[in-house]
Amino acid sequence: MEKEYIGELEELVLLLIVMLKDDAYGLAIRKALKEQASRTVTIGAVHGTVNRLEGKGFIESRLGGATEERGGRHKRIFSLTASGRKVLERSRDVKVNLWRQIPELAINKLG
Amino acid sequence: MAASKNQRPPKSADKLLSWFVKDDLLDEILGDLSEYYLELADRPKWKRSLFYWFHVLHFLRPFALKRFIRSNSNYTTMFKHYFKISWRNLLRNKGYSLINIGGLAAGMTVAILISLWIYDELSFNKYHKNYDTIAKVYRTNKFDSFASTVHAPGLASVLKTDYGDFFEDVALVRARLEERVIAVGEKKFSQSGYFMQDGGPQILTLDMKYGSQTGLKEMNSIMLSSSLAGKLFGEADPVGEMVTMDATTSLQVTGVYEDLPKNTEFSEASYLAPAELYVNGWTTLNVWDNYFTYIYLQIKPEHSFDEISATIAEAMMPHVDEETAESEPRIFLQPMSQWHLYSEFENGTPVTSQRLKAVWYNGIIGAFVLLLACINFMNLSTARSEKRAKEVGILKALGSHRSQLIQQFFGESMLVTLLAFIVAIFLVVLTLPWFNVVAAKAMVFPWTNPLFWLAVLSIVLATGLLAGSYPALFLSSLNAVKVLKGTFKAGRLASLPRKVLVVIQFTVSISLIIGTLVVYQQLEYAKNRPVGYSREGLISLRSASKEFKGKYLVLRNELKQTGMVEEIAQANYSVTDTRGWNGGFAWHGEKYEQTFNTIFVTYEYGKTVGLQFVDGRDFSRDITSDKSGIIINESAAKLFALENPVGEELTWQDRGSYTILGVVKDMVKGSPYEPTDPSVMFLGEFDMSWLYIRLNPDVSTHEALPKIRDVFAKLTPATPFDYTFADEAYALKFAEEERIGKLGFVFAGLAILISCMGLLGLSAFVAEQRIREIGIRKVLGASVANLWQMLSKDFVVLVVISCLVAMPLAWYFMDRWLDSFVYRSTISWSVFAITGAIALLITLATVSFQAIKAATADPVKSLRTE
């Protein structure tokens with residue numbers, strides 16, 4: 001049985017994987033984290049996170065192309081699985097639901 | 001951008017990475033990293049490398065690490081299981097675990113401390129590289145029972161010239177630590193050191209920090225210990241610098257040696273200076289009539305100590321005067337390995353030294369204390385074994401082999417022993433400084449000594465095996481069917497071994513307590529013994545050298561003029577020595593068969609030494625007839641059997657008649673444990689071997705000593721001022737017994753503590769086992785007192801048995817120990833009464849704690865369980 005809850009970094013990474021599509025590999029995710037969420041993490045941390053997510057069954061991976069910059073080494077391209085999609089949606093729903101229940105904060109901030 | 005050479009990431013980082021990262025992840029990780037490295041192209045190279053390394057090291061995460069230990073074998077799973085079960089067992093019974101581990105840790109701490117101490121004793125002097133070939137010269141003679149190490153320096157020259165083929169090197173060392181003020185500019189330190197000949201540092205293979213071992217060749221040179229050099233010169237190399245000794249002599253520093261460890265003969269020296277410097281101006285190193293040096297030598301490896309000893313035995317004979325020759329001085333070599341533990345002689349032959357005895361005593365005590373802790377462990381695990389019988393039944397039903405069960409139980413006891421060992425290491429580190437003070441040592445924890453770890457781990461292994469043997473071998477043999485059916489019941493006899501072990505424990509503890517009390521009693525008894533003279537403020541000094549001839553009165557005058565000295569006197573033998581025996585006394589023609597301790601003294605001896613007159617008076621300079629007077633002590637008076645000894649006349653041999661002037665109290669001259677001798681004191685006016693100085697009680701010793709030394713330096717410049725304080729010399733006679741007493745006190749305390757911990761565990765176990773019985777009894781109307789009595793009785797009986805066993809045993813051994821002293825206390829019944837009372841009280845207190853807890857518990861609760 002997979003764990004139903006995901007952490008904040010995990011959620012971000014999942015979203016970014018969807019966004020990056022065919023370019024969703026370790027270093028690219030790190031870069032996107034920096035640009036989109038202003039989060040600087042080590043490469044090791046990104047690899048650790050995707051590894052964990054794959055273990056939980058939220059993402060799957062395939063080998064991608066090797067370039068010269070990589071010294072001829074393959075990329076590992078990640079993509080979302082069905083359960084990954086479910087857990088993202090659930091996470092969003094919970095938050096949206098919560099936001100709805102606190103209109104004053106929502107109005108002040110979002111309005 | 002093409003990947004040129006300097007744009008390759010650091011190779012070593014990649015290597016490290018591929019070493020620890022899982023193979024199937026390696027490719028993508030390396031790929032990402034090298035892409036990252038390229039991104040950094042506009043940074044300086046060092047920064048790129050630094051960042052790269054930073055990221056590489058951040059792959060040290062569980063997900064990425066290779067599995068270095070294969071864990072898919074059945075064995076590791078099984079051991080993991082054992083460990084888990086053992087750990088859970090420990091946690092489930094926190095109280096028992098605490099008692100087990102605590103007791104075992106205390107026992108091990110004692111055992112380790114004692115092992116360290118014994119190791120220190122046995123490795124004395126081993127610091128020196130030539131340990132196997134170094135020897136010290138000893139001398140025996142016909143008249144003295146002990147062997148002396150202090151020789152005339154001439155002997156060393158003879159050994160060097162006539163027997164030089166045997167030795168690598170021979171070196172004289174001044175037979176006393178010499179205190180000197182060593183100064184550089186304003187920095188002045190009063191330091192002790194040795195004066196030795198060149199050759200000494202080489203024999204001792206001093207570890208030179210600066211300079212060389214040959215630094216004592218020139219007379220005006222000095223070698224400093226590393227710590228003294230640090231105090232005088234700081235960290236700089238001081239070779240070639242000048243220091244002054246006693247503000248008079250300028251010496252050049254020729255070397256700095258690393259401090260000698262405390263368990264070496266020369267550890268107290270903080271400087272070494274040439275022996276030639278010591279004798280400069282008053283004597284030479286070739287004299288034969290002045291005994292003031294030790295002789296150390298290193299033999300050539302092709303010779304043996306015995307062979308050389310046999311050859312050189314009579315080396316002194318051609319060179320000494322007739323009187324000395326008559327005493328038949330014989331010399332021999334004592335190898336360095338023997339110095340510390342095997343250098344006590346009686347009548348010229350070696351006897352078991354006090355130090356060696358102490359090694360044995362302590363070793364035995366340490367083993368006993370460890371045994372007590374093991375007994376605790378065994379008792380608690382057997383007591384609880386019934387509870388675990390079901391576990392064994394189920395394991396067996398599930399297909400466990402007996403050997404696997406044995407492994408599990410041994411593993412469990414190993415785990416506990418190992419935990420105890422870790423606690424013990426902490427305790428040893430904590431208590432070592434204190435132990436060093438008591439034992440007068442400078443032991444350090446040998447963290448890096450593989451031998452130590454080997455020894456300690458084998459103790460742990462042995463303890464674990466011993467302690468785990470019963471549950472491992474007995475429980476694993478149980479029949480699964482019987483156990484699970486519930487027909488297995490430990491019989492009445494099952495608790496018998498446990499009871500025997502408890503009796504052994506308490507027998508040992510009680511014996512140790514009795515032993516300690518007896519040692520203290522004997523010590524007090526001997527210390528409170530009236531000695532017949534007053535030791536405080538009394539200095540003794542050997543005045544045998546020719547220089548003293550005819551100078552007695554001048555010396556007395558000068559010393560008294562300093563105002564530091566109340567009185568001085570001389571005698572032919574020391575006041576702490578029992579030499580000088582003569583017979584041939586007669587009263588009115590009636591001869592006495594006995595011999596008496598006869599000494600010759602000067603006029604003021606009685607006043608100086610502080611003799612206590614019970615009758616009559618001291619010699620007086622004003623009465624000329626006193627020259628044929630004598631003073632006797634009470635023992636002698638008893639032997640003479642005269643009703644009114646004062647005024648009676650005795651004849652002595654053919655020397656004429658002597659009038660008894662006074663009777664003094666007996667003096668304890670030899671061992672404080674020996675009976676006093678009947679003694680007779682004659683008047684001899686001048687030139688005797690021992691000089692006594694009674695200090696003026698109104699001035700401090702610090703003030704007095706330099707002034708007295710000045711007087712001697714003026715009148716007898718050729719003789720070293722070798723003084724001893726009579727009270728210090730006397731106190732030394734007790735040092736050994738005092739140390740035994742102190743350590744014994746601690747060990748006996750620990751022994752009883754450990755035993756009580758075991759009892760606490762056992763009583764808790766019994767109370768738990770009988771919890772329903774207690775409940776029913778309570779319901780039926782038993783009072784708390786009844787229950788308390790019921791639960792405590794068994795243990796009290798055991799302790800009473802232990803008392804009955806221990807007391808005769810302890811009495812026998814301690815009586816034998818006391819028999820080695822003539823002036824001995826008797827073991828009073830109070831020792832036994834006190835010990836018995838202590839043991840019973842402690843037992844009751846321990847057991848009652850559990851008993852009362854069980855007896856006051858709510859019976860409803862205990863009956864409702866199960």
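The values are calculated or read from the model by the stated rules, or taken from the named source; none is laboratory data. This is a predicted model, so every value here is computed, not measured. A quick note on method: Cβ atoms are made from the backbone with ideal geometry, for glycine too, and the neighbour counts reach across all protein chains shown.
Key figures for this structure:
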| item | result |
| --- | --- |
| Enumeration of residues in the stretch B:849-866 that are of a type outside the set (Val, Ile, Thr), closer than 18 Å to residue B:785 by Cβ and surrounded by fewer than 17 Cβ atoms within 10 Å (Cβ to Cβ) | B:849, B:853, B:857, B:858 |
| In the stretch B:1-21, residue farthest from the chain's Cα centre (by Cα) [restricted to those that are modelled with pLDDT of 85 or more and within 11 Å of chain A (Cβ to nearest Cβ)] | B:14 |
| Members of the stretch B:657-709 found to be among the acidic types (Asp, Glu) and out of contact with any strand residue (DSSP E or B) (no Cβ under 6 Å at 6 or more places or on another chain), listed by number | B:674, B:685, B:687, B:698, B:703 |
| Evaluation of residue B:737 against (1) surrounded by 13 or more Cβ atoms within 10 Å (Cβ to Cβ); (2) in contact with a Leu (Cβ under 9 Å, 6 or more places away or on another chain); (3) modelled with pLDDT under 80; (4) farther than 21 Å from residue B:354 by Cα (one fails), failing number | (4) |
| Filter result for residue B:469 (within 28 Å of residue B:766 (Cα to Cα), assigned to a loop (DSSP other than H, G, I, E, B) and assigned by TED's automatic domain parsing to the domain that holds residue B:763) | no |
| Residue check, residue B:301 touching a Phe, Trp or Tyr at 6+ places or on another chain (Cβ under 9 Å), farther than 22 Å from residue B:149 by Cα, surrounded by fewer than 19 Cβ atoms within 10 Å (Cβ to Cβ) and in contact (Cβ under 8 Å) with a residue 60 or more places away in the chain | no |
| Condition broken by residue B:168, with the remaining ones in (1) without any contact (Cβ under 8 Å) to a residue 12 or more places away in the chain; (2) buried (at least 16 other Cβ atoms within 10 Å of the Cβ) satisfied | (1) |
| The lone exception for residue B:626 - which of (1) outside any loop (DSSP other than H, G, I, E, B); (2) surrounded by fewer than 21 Cβ atoms within 10 Å (Cβ to Cβ); (3) of a type outside the set (Val, Ile, Thr); (4) under 43 Å from the mean Cα position of the chain (by Cα) it fails | (4) |
| First in the stretch A:60-78 and within 7 Å of another protein chain (Cβ to nearest Cβ) and free of Cβ contacts under 8 Å to residues at least 60 places away in the same chain, second anywhere and of a type outside the set (Phe, Trp, Tyr) and part of a loop (DSSP other than H, G, I, E, B), Cβ under 7 Å, 6 or more apart | A:68/B:3 |
| The one condition in (1) surrounded by fewer than 23 Cβ atoms within 10 Å (Cβ to Cβ); (2) under 18 Å from residue B:95 (Cα atoms); (3) among the small types (Gly, Ala, Ser) that residue B:403 fails to fulfil | (2) |
| Criterion (closer than 26 Å to residue A:51 by Cα and either within 14 Å of chain A (Cβ to nearest Cβ) or at pLDDT 80 or above (or both)) met by exactly one of B:61, B:92 | B:61 |
| Criterion violated by residue B:638 - all others in (1) in contact (Cβ under 8 Å) with a residue 60 or more places away in the chain; (2) assigned to a helix (DSSP H, G or I) satisfied | (1) |
| Residue list for the stretch B:334-355, restricted to those being of a type in the set (A, V, I, L, M) and surrounded by fewer than 17 Cβ atoms within 10 Å (Cβ to Cβ) | B:351 |
| Single match in B:150, B:137 (criterion: within 26 Å of the chain's Cα centre (by Cα) and at pLDDT 90 or above) | B:137 |
| Single match in B:813, B:832 (criterion: under 14 Å from residue B:516 (Cβ atoms) and surrounded by fewer than 16 Cβ atoms within 10 Å (Cβ to Cβ)) | B:813 |
| Pair list, Cβ under 6 Å, 6 or more apart: the stretch B:35-53 residue more than 12 Å from residue B:13 (Cβ to Cβ), other residue charged (D, E, K, R) | B:35/A:69; B:35/A:70; B:38/A:69; B:40/B:48 |
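Matching residues to (1) out of contact with any Leu (no Cβ under 9 Å at 6 or more places or on another chain); (2) in contact (Cβ under 8 Å) with a residue 60 or more places away in the chain; (3) surrounded by fewer than 16 Cβ atoms within 10 Å (Cβ to Cβ):
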{"residue": "B:367", "(1), (2), (3)": "yes, yes, yes"}
{"residue": "B:417", "(1), (2), (3)": "no, yes, no"}
{"residue": "B:420", "(1), (2), (3)": "no, yes, no"}
{"residue": "B:432", "(1), (2), (3)": "no, yes, no"}
{"residue": "B:436", "(1), (2), (3)": "yes, no, no"}
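Here's the yes/no breakdown for (1) assigned by TED's automatic domain parsing to the domain that holds residue B:713; (2) assigned to a helix (DSSP H, G or I); (3) surrounded by fewer than 19 Cβ atoms within 10 Å (Cβ to Cβ); (4) aliphatic (A, V, I, L, M):
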{"position": "B:266", "(1), (2), (3), (4)": "no, no, no, no"}
{"position": "B:273", "(1), (2), (3), (4)": "no, no, no, yes"}
{"position": "B:284", "(1), (2), (3), (4)": "no, no, yes, no"}
{"position": "B:289", "(1), (2), (3), (4)": "no, no, yes, no"}
{"position": "B:296", "(1), (2), (3), (4)": "no, no, no, no"}
{"position": "B:310", "(1), (2), (3), (4)": "no, yes, yes, yes"}
{"position": "B:315", "(1), (2), (3), (4)": "no, no, yes, yes"}
